[in-house]
1. Among the candidates C:239, C:216, single out the residue that is touching an Asp or Glu at 6+ places or on another chain (Cβ under 9 Å), part of a helix (DSSP H, G or I) and surrounded by fewer than 24 Cβ atoms within 10 Å (Cβ to Cβ).
2. For region B:71-93, indicate whether the set of residues that are at pLDDT 90 or above, farther than 30 Å from residue B:52 by Cα and buried (at least 21 other Cβ atoms within 10 Å of the Cβ) is non-empty.
3. Could you identify the single residue in C:248, C:262, C:298 that is in the same structural domain as residue C:145 (by TED's automatic domain parsing), of a type outside the set (Lys, Arg) and surrounded by fewer than 19 Cβ atoms within 10 Å (Cβ to Cβ)?
4. Whether any residue in region C:123-146 is touching a strand residue (DSSP E or B) at 6+ places or on another chain (Cβ under 9 Å) and within 13 Å of chain B (Cβ to nearest Cβ) is what I want to check.
5. What number goes with the only condition from (1) surrounded by 18 or more Cβ atoms within 10 Å (Cβ to Cβ); (2) within 14 Å of another protein chain (Cβ to nearest Cβ) that residue C:75 does not pass?
Amino acid sequence: MAEKLLEVNDLKVSFFTYAGEVQAVRGVSFHVNKGETLAIVGESGCGKSVTVHSLMRLIPSPPGKIKEGSIIFDGIDIISLSEKQMNEVRGSKMGMIFQDPMTSLNPTMTISQQIMEGIMRHKDVSKKEAFEEAIRILELVEIPNARKRANNYPHQFSGGMRQRVMIAIAIACNPMLLIADEPTTALDVTIQAQIIDLMKAIQKKMNTSIILITHDLGVVADIADRVNVMYAGEIVESGTLNEIFYDPYHPYTWGLLESVPRLDMAEDKPLVPIPGTPPDLLDPPKGCPFADRCKYAMVICKEQHPEMTSCSKTHKVSCWLTHPDAPKVERPLGGMKIE
Amino acid sequence: MKRGKKLITLLLATVLLASVAFTGCSDKGSASKLPTLKILTDDSDTAKRYAQAFQGMWQKELGIKVEIDSTTFKDRLQRTQEGDFQIVMAGWGPDYNDPMTFMDMWVTDGPFNEGGYANPEYDELIAKAKASPDNDERMDLMAQAEKILIEDMAIGPIYFRYRDYIKNPKLQGEVRRAFAPDPDFYWASIEDGDSITFNIGTEPPDMDPQTTTDTVSFQLLGHTFEGLTRLDQEGKAMPGMAKDWEVSDDGLEWTFNLRDDAKWSDGKPVTAHDFEYAWKRALDPELASQYAYILYYIENAEEYYNGEASVDDVGVEAVDDTTLKVRLALPAPFFDTLVAFGTFMPLNEEYHKSVGDKYASEADKMIYNGPFVMTTWDHDSKVVLKKNPDYWNADEIKLETIEGLMIKDANSALNEFLTGGLDIVGVRGDQKEQVKKEGYELLHYADGSSWYFLFNLEDEILANENIRKALTYSINRQAFVEKILQDDSKVGLGFVPPVMPGKSGSFREEVGDLFQDYDIKTAKKCLEKGIEELGLE
Amino acid sequence: MGRYIGKRFLHSIFTLFIIATVTFILMNLMPGKPFTGEKPIPEEIRKNMEAKYGLDKPIHERYVIYMKNLLRGDLGMSMVHKHRSVGSIIKERFPISASLGLRALSFALIAGLFLGIIAAVNHGKTWDYVSMIIAVIGVSVPSFIIGGLLQYFVGVKLRLFPVTGWESFKHTVIPSFALGLGTLAVMARMMRTSMLDVLNQDYIKTAKAKGLPRRAVVWRHGIRNAILPVVTILGPLVAGITTGTFVVENIFAIPGLGQFLVSSVNQNDYTLIMGLTLFYSLILVTMNFIVDILYGIVDPRITLVERKE
């Protein structure tokens, strides 16, 4: 069995606002193995970003707060660390790539400075060594003319190139875990594939674990080993890539899969958006959070929260339809193929 | 019994008030036939407050509507001079120590007669007074003229200005005269020392005696220069550069005998030529001196200035180094005090030619002949005057140093005084309470000015004498002085202020009040009559 | 770069020319005349004086004469201060106003930026409220009240500093404080807003994710970016504060340019009005230019050279 790098147990994160407590993440448990890629998918606002920001304790506080749960990373209890100890972890053992490369780089610093900053923070190197290291990493992320462009400012780069710089910053200290928060969302489609390929290559070279957040199932199919589906601050289904794509159990997963175009789809089959909106996390429902939007919802769905049940060793789902007493329903998707 | 009396008084007062209110109502009826009048004022807060006070009084007492027409200071002066106004509050300060400095303003077509008053009878009285060498006769003639002026209500007197100041108790002997009211430190001394600091308020705009017009410069010139005469504590002429002088019986020919030990600060002697040169310079049309008119008593002075006579015709002549002969156009018994005025200060031709245009631009671009010399002129900041050891009367001068600071803000000046940075400072009405609290004794002085309504007699409505009378009589001067001015000013019921000399004492006291303050009854009668005369009924 | 400066220079000259022309016209439309005094001057005397200063000529002739003199660098003689040239007034008085202004500005900048940063970093906490209360006081209480109160309590009651004058360092303390307080407040508010905005930027998160300590995040990534908008207002601010402020200079009897700004207009001192307006414009134009160059240095995104791709 693969070695666990990260284990998250019953993580609860809330934001305390004037309107009240927004329960953004409500008891999330998952793990990441060494060298594997875990994708977290879900609609905007489902808590996937908050979950991964919590891993690096980057939730703005106030108003955000990790209320409960544990995060064990490489044997370290992340939540119990002091801010100073946490800074030793950030950037060195965990790196993070953000969504928008246009705004995630400091406009008034050269890119080499921004890369060197992390290296000099965590490694005992001279400025010159740090600079050489930065060049090496820039070459690694395939920035052409790296040495020449190292002293350029972010505005002198295109979006895709900037995202490469972001990746360079994140991997500068050779982290064990790379968290990518929608790294391709803001990029052109052609560039997206390049970035994903780059991440794959780096993973191969450095044996890094990756948590990838996205709502793009195509990207998921391209890179992920395992997938967590999140909805309203909870993981509703998790499994291997194949399990989620070929044998999904949760109606929300069905909905997600139905709402994206696929190569194997019959031409006349329309894309089906999921009707309705997610529940208000200021006052989350006591039953299944998806019940209101679920066309298979039963009485119990609104009354009681379904438990997480295992469908296989790697596949878990939280849905009343998997209960033995539940009526059998026809899965709307036929067999599907993954590229 | 006492109680009963009080009750009756109260009752009476109520009836009176009621009747006033009643007649007030009916009056408003007639007054409303009068078109809205305009009082011109500049846009400073104080000026506007004064105008509002009068506006309120006229509205309340006569039901006359008066609008406040406020504009910039310069424009107010300009419009007044151009006759573009109806009513404006104006003031006049004396140029020399004689009622004539007030009285000759109102002669027909006189340069300062901005209201356009014209009365041949008045003109004749003034001309007679000017031509008379006899002081008592002059005073009588001027008294008659003033009576006519007020009967015609050419102007509406309001108040004579008196102001307050405080000083370091150790400072003694400073003199404030009615004309040139800024302190004169000639006789001053200070306990435990010989240097004092006072506030001149602002940079002297022009220290050239022949061209300057402002009080700051004149005050400094008074300390650093000396004319033929100097004013004593009472404002009478005392010997200055002239040790004595004679006047002919017709009062037209004056001979000044200069002392032979008088020196300029560069060591040259002060001679009669220096006076002749300076006076003729002041009248030079090329110099365009604003105060040239003050020399017009001298024969052919006005003519020279206007290009109708040559410089040699001007009636001033240095007979020799120590004798100056002056021929006047009219007898002026006060001429001995007039020559103490700044414009009459001497100037050494040779020195003047050596500095040229730079004359009086810096402390070291002037030579002095007065009790003090200016050693420092730190522009916009301060001046320092030091005792002149070569001054003929140096033994009498006790102060070694006089420092003049330029603090414009009245509160800042008071604060500076309170920390000991000034030995004497003026006090504004609103500062009186604070000063009393600090334990200083308020001192008063008359600044010699007379304040009045200037009416535009060429205006359709204000050409009517009765309207002017109504406006003048209905003002409550006592209340205005107490509530609005809050200083020590005195109610003005004539034009010439009490500080001007008369036959033996004060002109004002000898002539007496010419009307009654706050005379609503007469004011109302006049208003009705005026409206009738104007055909507004 | 050289081309840019050349272009800017020509632009500035044109601006100054327009300002000079407009001021000349407006000034002559102003009510009142320079030699209207409290005592009316007899007609002949006024005519003589106006002739002496060339005011008897029609306005277009005077304009041409003035502009010709201006080209030679001659600003003329003051019409009120009889023996002083406009040039000498500016030359003597500007250094004092500039000294006061720069002191006030340094104080306002240092304290204002500091307060703004403290407020932003402690957003929503006590220090935020404290600094914003100071800022509100600074903005809403006019300098003549601050100045007057300080003069009375610190100067008269406590005798800590002199009341008026401009001689020693001690003389400069209260006026600089009184003059700077308003600017301080503006700076603090601006810096706070800007800093809050910057601290919410993604690149701050990037910096945090690198494991940088909070101090490094705030200083290296926050302040440099947050200060940019402050730099843009520095030009007009420096020009305004160094060319004389009437209120503060008046209260503390400081011999600067401020008094002339007001008195020249009140007294229709035409040559002085023109001289001061042009001088102020010159400083403003220069300051804006310097700030533009400075901005290019602080913000690499701004380039002074037209880009050739």
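1. Working: C:239 fails: touching an Asp or Glu at 6+ places or on another chain (Cβ under 9 Å).
Result: C:216 is the single residue among C:239, C:216 that is touching an Asp or Glu at 6+ places or on another chain (Cβ under 9 Å), part of a helix (DSSP H, G or I) and surrounded by fewer than 24 Cβ atoms within 10 Å (Cβ to Cβ).
2. Scanning region B:71-93, I find no residue that is at pLDDT 90 or above, farther than 30 Å from residue B:52 by Cα and buried (at least 21 other Cβ atoms within 10 Å of the Cβ), so the answer is no.
3. Only one candidate passes the filter, namely C:262.
4. No, there is no match, as no residue in region C:123-146 is touching a strand residue (DSSP E or B) at 6+ places or on another chain (Cβ under 9 Å) and within 13 Å of chain B (Cβ to nearest Cβ).
5. Residue C:75 satisfies all of (1) surrounded by 18 or more Cβ atoms within 10 Å (Cβ to Cβ); (2) within 14 Å of another protein chain (Cβ to nearest Cβ) except (2).
Listed here are the residues, each with its yes/no results for (1) more than 10 Å from chain A (Cβ to nearest Cβ); (2) surrounded by fewer than 19 Cβ atoms within 10 Å (Cβ to Cβ).
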{"position": "C:195", "(1), (2)": "yes, no"}
{"position": "C:198", "(1), (2)": "no, no"}
{"position": "C:209", "(1), (2)": "no, no"}
{"position": "C:224", "(1), (2)": "no, yes"}
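Per-residue answers, yes or no, for (1) closer than 30 Å to residue B:397 by Cα; (2) out of contact with any strand residue (DSSP E or B) (no Cβ under 8 Å at 6 or more places or on another chain); (3) in a helix (DSSP H, G or I):
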residue	(1), (2), (3)
B:203	yes, yes, no
B:249	no, yes, no
B:267	yes, yes, no
B:281	no, yes, yes
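Residues checked against (1) more than 8 Å from chain C (Cβ to nearest Cβ); (2) crowded, with 23+ Cβ neighbours inside 10 Å; (3) in a loop (DSSP other than H, G, I, E, B):
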| residue | (1), (2), (3) |
| --- | --- |
| B:361 | no, no, yes |
| B:364 | yes, no, no |
| B:370 | yes, yes, yes |
| B:374 | yes, yes, no |
| B:385 | yes, yes, no |
| B:392 | yes, no, yes |
| B:399 | yes, yes, yes |
| B:403 | yes, no, no |
| B:408 | no, no, yes |
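The values are calculated or read from the model by the stated rules, or taken from the named source; none is laboratory data. Bear in mind the structure is a predicted one, so any value in this text is a computation, not a measurement. Cβ coordinates were reconstructed from backbone atoms using ideal geometry, including for glycine residues, and neighbour counts include every protein chain displayed.
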